[in-house]
Amino acid sequence: MEMQFPVILDGATGTELQKRGFTGDMSAEQWVLEHPESILEIQRKYVASGSNVLYAPTFGGNRQKLEERGIFNRTEEMNKALAQLSKQAADGKAWVAGDIAPTGRFLAPLGDASFEELVDIYTEQAAGLEQAGVDLYVIETMMTLTDARAAVLAIRSMSKKPILVSFTCDESGKILSGTDVVAALSVMEGMGVSAFGLNCSAGPEQMLPQLQRLHKYARVPLIAKPNAGMPEIVNGEAVYNCPPEEFVALVPEMLKAGVALFGGCCGTTEEHIAALKAALKDAEYVRPAPECLDLLPAATEKEAFFLPADATHGAVLTADGDLEDKLSDAMDDEWPMVALKLASWADVDALADYQYMIRKPLCLICDDAELLEAGLRAYQGRALYEGNLTEDALAPLVEKYGLLV
């Protein structure tokens, strides 16, 4: 099979499992393994309705989420078994994506997770999915940039397969941790993902303005996987009231906004997927044409910045002494960029501790490739580089972290 745009993804898994008896009193992943016919029925209907890609039922299959449900030391085994069920349902007629979702953990100062711990959690999950022979990966419903970055690095440690990434955001384009989705786009593009977009949290009408906004900056195809409208709470349960014909009404506008991968999230059914297939008949993919192609797409963890190639920074900060105070002062000065010198492992540790304070584009100055990579892992944005490292030394860091040279 060859992937041709536009691509039709699948519809909801969770709300469809609920129709078949899943009550949420145990891990959905465990329930599916005990009731395999449920996911086979759901996903075969999606394929029959037009889905080109099935999401393996591994949404909560990371170690963190499984352990919260009392399941220990089964991450790889469960992910492999769940993805194999989707391969069975696909029967060679659709691709299967290993589905990776939030850990619910936060870095300091909001939480107690270390970034490398997040990478380790996702590496274990990705190992099981890779063993199952998934065709690609999807990192979805992301609420923090740190989880998304960790998941990409985890997948890339064992696979070169395509990675799709979608975040969930509010009407202002902010995700739960306060990151603007345009910043997330810049960071994810820099890390080499194949497509970027939005899923969950909203219906097509609420999602469209943010997709149109992303289209101004995107250099990769966009993803739209909205809910079947905004949920209404009826008798304590979320009810989705967007019928298929209404669900696809904005498909022409989404195509114009560069959306190339369409699917449905909570509340959608095989009827919504069939409606997407009909709406996309003879549709043409609008290729990315970002308005800022000649600018450098830098980003902090929260905001995107598009800089001219000759942008300059002020005094070079060093991590010795009180980096917290130095960063605080640098955020208030008139320079458009902040520069930080990495000369030791202590400098990298200081960057990891205080990177959350950075509200301007960051330029890292370093002549040691190993230190520079450690700094790039710790920094949850997309950094620029200044220094004497060779092109050969910098090339893998450009490819892996989107370093802007």
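Here are some notes:
- In terms of its Cα atoms, the range 13-133 spans 47, 29, 24 Å along the principal axes, sorted from long to short.
- Förster-model FRET efficiency, 60 Å R0, residue 315 and residue 283, C-beta, rounded to 0.05: 0.70
- A Förster distance of 22 Å, applied to the separation of the beta-carbon atoms of residue 131 and residue 73, puts the FRET efficiency at 0.90.
- Longest site-free stretch - the chain; sites: GluC sites (Glu not before Pro), DSSP loop, at most 13 other Cβ within 10 Å: 3-170
- GNM flexibility winner over the chain from 18, 43, 64 (Cα, springs under 10 Å): 18
- Size estimate for the range 318-361 follows the Kirkwood approach: the inverse of mean 1/r over distinct Cα pairs works out to 10.6 Å.
- Largest GNM mean-square fluctuation across 177, 194, 328, computed for the chain with C-alpha springs under 10 Å, falls on 328.
- Stretching the chain fully between residue 120 and residue 369 yields a gain of 87.4 nm (0.36 nm per residue, less the alpha carbon separation).
- The alpha carbons of the range 296-401 give a radius of gyration and a Dmax of 12.6, 36 Å, in that order.
- Stokes-Einstein diffusion of the range 207-352 at 4 °C, 1.567 mPa s viscosity, Kirkwood radius from Cα pairs, rounded to a whole number: 67 µm²/s.
- q = 0.09, 0.11, 0.16 Å⁻¹: log10 I(q)/I(0) that the Debye formula gives for the range 63-222, counting C-alpha atoms only: -0.29, -0.44, -0.93
- Over the chain, volume per residue of the alpha carbon convex hull, in Å³: 141 Å³
- Nearest-0.05 FRET efficiency for residue 234 and residue 23, computed from C-beta distance (R0 25 Å): 0.90
- In terms of distances greater than 23 angstrom between alpha carbons, the cross-link table entries 174/225; 80/281; 80/160; 216/341 yield 80/281; 216/341.
Read-outs throughout are calculated quantities, based only on the coordinates presented, and are distinct from any laboratory measurement. All values reported here derive from a predicted model rather than from experimental measurement. Cβ sites come from the backbone with ideal geometry, for glycine too, and all protein chains shown count toward neighbours.
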